[in-house]
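Enquirer: Pasting a structure below so you can have a look.
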Amino acid sequence: MRRVLGLGLLMWSGALGQTTFHGNVARTGVYESAGPAQLKGVKWTFKTGGAIVASPAIADGVVYITSLDGHLFAIDQETGKEKWNFKSRMPIASSPAVSGGLVYFVSSSGALAAIDAATGKPKWVFATEFERKFEAKNLHGYPSPAQTIPDAWDIWTSSPAVANGKVFFGSGDGNVYAVTADTGIELWKVQTKDVVHASPAVFNNTVYIGSWDSYLYAINAETGDEKWSFKAGEDNTIHNQVGFQSSPAVVDGVVYVGCRDGHVYALDAANGRKKWDYSTNKSWVNGTPAVRDGVVYVGTSDSSRFMALDAKTGRLRWNFAAKAYMFSSAALAGDLAYVGDHNGKLYAVDTKTGKLAWEFQVEASKKDPMKILNADGSLNQEAFSPVFGDFEDMYIDTYRFMPIGAILSSPAVDKGVVYFGSMDGNLYALQ
């Protein structure tokens, strides 16, 4: 049992549709109210001091968002004005979860924090063993082969799920944790073979979560006992086609999840047996699938696609050309899927046809100071020429997306408004 700081009271009453990453603790990406069918404009923007890669949560008229400037912000949903902020020691790349008057996030320093939703004051902090990025030798084929390289594309830390009085999350120390939601006392932990930065899905008293060890785990939410595990692809040479960044979505007894091995998987939630897999031709699937009415919606990285797959068969229904990498997870609201792209655009795509309904481009993307975009929003490959000729170029490449306001954040939809963050440091509310 670990020591915690402070105490808090919490009666869990279930996570509402906007209070956690990707809509609910099953991570389906489905929102109850429709978003804007046509873009009227920007309702408001809120500027933070660093890039935003996490996703907003909404509860009781307040939007909560974290930033790489190390802050958790509480923002009035109607006006966009700050109510309070909490400063962490390190950048925050975890999406918040709101439940029972507390806001939870996983810090980049290796801890789960519980913050009072009304005041912004910390209630307690649960410390894990340590935090780190996924790393490997010869990563992505960068020299030197003897150098252990932290992966710059390991963007997020785990976003917590709150269910039945417990908080579940993964850690860079390789463990999946369950702690009490009111006091932060450890209930159990399950060790995997590598970093766990995917976010857990909780359904039918089971926690589903993937690890960088390329296993997806199903864990008994009460006891921490492993129910089953599923092994995805291996890449022991350059460690490119390996690991789960995508979080699972659980619908109708099936777990849908993307993997960096270039596949979308559908697994039986009861036993982990594979129902189907869809190959993306080695393109990473880092976003969490959104699932509704028998269709799975998910984006890809290098192939820059947003696609709809038949939930029963895995067959492709339609493709949308996203132009640039897509790490954002779609929000399904009304007849549209809202999803962000590395080119600084938010797309609203018709879920039936795959046609673009409208798009919004942040001003930083329009200015494109480093000239990394072509006129159509695709990536200018000449702008990504090597600088150092080694793994440092990977960090430069990730940085290039900040000045254009890449959207890695996953949108949340409420009362006809779409909320999302951008690497330009802004939280946007579109109506």
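The values are calculated or read from the model by the stated rules, or taken from the named source; none is laboratory data. Quick caveat, the model's predicted, so the values are computed rather than measured. Using ideal geometry, Cβ is built from the backbone for each residue, glycine included, and neighbour counts are taken over all protein chains shown. Note: areas computed on protein heavy atoms with side chains; ligands, DNA, RNA excluded. Shrake-Rupley method; radii C 1.70, N 1.55, O 1.52, S 1.80 Å.
Enquirer: Quantify, in whole percent, the carbon and sulfur part of the accessible surface of the chain (1.4 Å probe; protein heavy atoms only).
Expert: 50
Enquirer: Given only helices, namely DSSP H runs of n ≥ 4 each adding -39500 (n - 2.57), what is the per-residue ellipticity at 222 nm of the chain, to the nearest 500 deg cm²/dmol?
Expert: -500 deg cm²/dmol
Enquirer: Another question, then. List, largest first, the extents of the alpha carbons of segment 140-263 along their principal axes, each in whole Å.
Expert: Principal-axis extents of the Cα atoms in segment 140-263, largest first: 47, 32, 21 Å.
Enquirer: Now, a different point. Let me understand the chain better: what is its radius of gyration from the alpha carbons, and its Dmax, in angstrom?
Expert: According to the Cα coordinates of the chain, Rg and Dmax are 19.7, 56 Å.
Enquirer: Out of all Cα-Cα pairs in segment 219-271, roughly what percent, to the nearest whole number, are more than 17 Å apart?
Expert: Roughly 45 percent, once rounded to a whole number.
Enquirer: Averaged over every viewing direction, what's the projected area of the C-alpha convex hull for segment 266-334? Give it in nm², one decimal, please.
Expert: 4.9
Enquirer: Taking 8 Å as the Cα distance limit and 6 or more residues as the minimum spacing, I'd like the relative contact order of segment 201-253 as a percentage. Don't skip to the answer; put the middle values down first.
Expert: Numbers: 91 pairs, mean separation 19.4, N = 53.
Normalised by residue count, the contact order of segment 201-253 is 37 percent.
Enquirer: Another one. So with the 1.4 Å probe, I'd like the accessible area per residue for the chain, rounded to whole Å².
Expert: Per residue, the chain has an accessible area of 37 Å².
Enquirer: Springs between alpha-carbon atoms under 10 Å, Gaussian network over the chain: tell me which of V417, V264, V42 tops the mean-square fluctuations.
Expert: V42
Enquirer: Build a GNM of the chain with springs between Cα atoms under 10 Å: which of K274, K231, K40 gets the top mean-square fluctuation?
Expert: Of the options given, K40 has the highest mean-square fluctuation.
Enquirer: Right, something else. For the chain, what's the relative contact order in percent, using C-alpha pairs closer than 8 Å and at least 6 residues apart? Can you show the working numbers first?
Expert: Details: 1342 pairs, mean separation 72.5, N = 431.
Taking the mean separation of contacting Cα pairs over the length of the chain, I get 17 percent.
Enquirer: With a cap of 15 neighbouring Cβ atoms within 10 Å, and only residues DSSP puts in a loop, list the chymotrypsin sites (Phe, Trp or Tyr not before Pro) found in segment 25-133.
Expert: Here the sparse-neighbourhood loop sites are F130.
Enquirer: To the nearest Å, what is the center-to-center distance of segment 70-84 and segment 260-297, using C-alpha atoms only?
Expert: 35
Enquirer: Shifting gears a bit: Normalised radius of gyration for segment 313-388, please: alpha carbon Rg relative to 2.2 N^0.38 Å, two decimal places. Spell out each step's value before the answer.
Expert: Details: Rg = 14.3 Å, N = 76, 2.2 N^0.38 = 11.4 Å.
The value comes to 1.25.
Enquirer: Taking the Kirkwood radius as the inverse of the mean 1/r across Cα pairs, report the Rg/Rh of segment 289-431.
Expert: 0.99
Enquirer: Turning to a different aspect of this structure: Would you mind listing how long segment 204-298 runs along its three principal axes, going by Cα atoms, in whole Å with the largest first?
Expert: 37, 31, 19
Enquirer: Which whole-Hz ³J(HN,Hα) couplings does segment 369-376 yield from phi under the Karplus relation 6.51 cos²θ - 1.76 cosθ + 1.60, θ = phi - 60°, glycine and proline marked x?
Expert: Computed from phi, the couplings for segment 369-376 are x, 9, 6, 9, 10, 7, 4, 8 Hz.
Enquirer: Still on this structure: What are the extents of the Cα atoms of segment 30-73 along their three principal axes, listed from largest to smallest and rounded to whole Å?
Expert: 34, 22, 18
Enquirer: If I build a Gaussian network model for the chain, linking alpha-carbon pairs within less than 10 angstrom, which residue out of A357, A218, A308 has the largest mean-square fluctuation?
Expert: Most flexible of the set in this elastic network: A357.
Enquirer: Relative contact order (percent) for segment 203-337, with alpha-carbon contacts under 8 angstrom and 6 or more residues of separation?
Expert: So the answer I get is 15 percent.
Enquirer: With a cap of 11 neighbouring Cβ atoms within 10 Å, and only residues DSSP puts in a loop, list the trypsin sites (Lys or Arg not before Pro) found in segment 292-335.
Expert: Here the sparse-neighbourhood loop sites are R315.
Enquirer: Moving to a separate point now. Between their Cα atoms, which of K193/K323; K275/K355; K121/K189 are more than 32 Å away from each other?
Expert: Values: K193/K323 35 Å; K275/K355 28 Å; K121/K189 27 Å.
Listed pairs above 32 Å: K193/K323.
Enquirer: Let me ask something additional. Would you mind checking which residues have amide H under 5 Å from N175's amide H? H placed 1.01 Å from N; only 5 or more apart, or other chain.
Expert: Distant-sequence amide H within range of N175: T192, V196.
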